[in-house]
Amino acid sequence: QVQLVESGGGLVQAGGSLRLSCAASGRTFSSYAMAWFRQAPGKEREFVAAISQIGGSTYADSVKGRFTISRDNAKNTVYLQMDSLKPEDTAVYYCAAGVVLGVWPYWGQGTQVTVSS
């Protein structure tokens, strides 16, 4: 079992940057793959980025080249650096964890990101 708490959301102008953090409880953080998802109003939750236990990463095409996922196992934290933000990036961003990459049984409560034009 792992508990996840996101932070770092907020309001930013288009073209700006934000860094989201997701702090995980427990002593086995390094054994989990981690991911970020987002959900905009009236839309389904969508995949944003994932990072494996050994640091390999993958991104949705819509954020590739603008967002960077990273992890600090010493701090039990995964990050999402978001640059060149667009209004269409506005959503609630969720952190997820799983032992198997692509299977996400653990979720945080989400943090709101709003990008103004």
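Would a scan of the stretch 89-107 turn up a residue that is open to solvent by 40 Å² or more (accessible area, probe 1.4 Å), closer than 14 Å to residue 19 by Cα and of a type outside the set (Gly, Ala, Ser)? Checked against the condition, which is being open to solvent by 40 Å² or more (accessible area, probe 1.4 Å), closer than 14 Å to residue 19 by Cα and of a type outside the set (Gly, Ala, Ser), the stretch 89-107 yields no hits at all.
Quick one: in the stretch 1-26, of everything that is assigned to a loop (DSSP other than H, G, I, E, B), within 14 Å of residue 77 (Cβ to Cβ) and not hydrophobic (A, V, I, L, M, F, W, C), which residue is farthest from the chain's Cα centre (by Cα)?
In the first step, residues of the stretch 1-26 are kept if they are assigned to a loop (DSSP other than H, G, I, E, B); the result is 1-3, 8-9, 14-17, 25-26.
Retained after the next criterion (residues that are within 14 Å of residue 77 (Cβ to Cβ)): 2-3, 8, 25-26.
Subsequent filtering for residues that are not hydrophobic (A, V, I, L, M, F, W, C) retains 3, 8, 25-26.
Numbers: 3: 15, 8: 11, 25: 16, 26: 19 Å.
Within the stretch 1-26, the match that is farthest from the chain's Cα centre (by Cα) is 26.
Listed here are the residues, each with its yes/no results for (1) out of contact with any strand residue (DSSP E or B) (no Cβ under 8 Å at 6 or more places or on another chain); (2) under 22 Å from residue 87 (Cβ atoms).
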| site | (1), (2) |
| --- | --- |
| 9 | no, yes |
| 14 | no, yes |
| 21 | no, no |
| 27 | yes, no |
| 32 | no, no |
| 46 | no, yes |
| 55 | no, no |
| 59 | no, yes |
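For residue 70, state whether it is open to solvent by less than 60 Å² (accessible area, probe 1.4 Å), outside any loop (DSSP other than H, G, I, E, B) and of a type in the set (Ser, Thr, Tyr).
yes
For the criterion of being modelled with pLDDT of 95 or more and part of a strand (DSSP E or B), residue 80 passes.
The values are calculated or read from the model by the stated rules, or taken from the named source; none is laboratory data. This is a predicted model, so every value here is computed, not measured. Every residue, glycine among them, receives a Cβ derived from its backbone with ideal geometry; neighbour counts consider all protein chains shown. We work out accessible area using only protein heavy atoms, side chains counted, and drop any ligands, DNA or RNA first. Shrake-Rupley method; radii C 1.70, N 1.55, O 1.52, S 1.80 Å.
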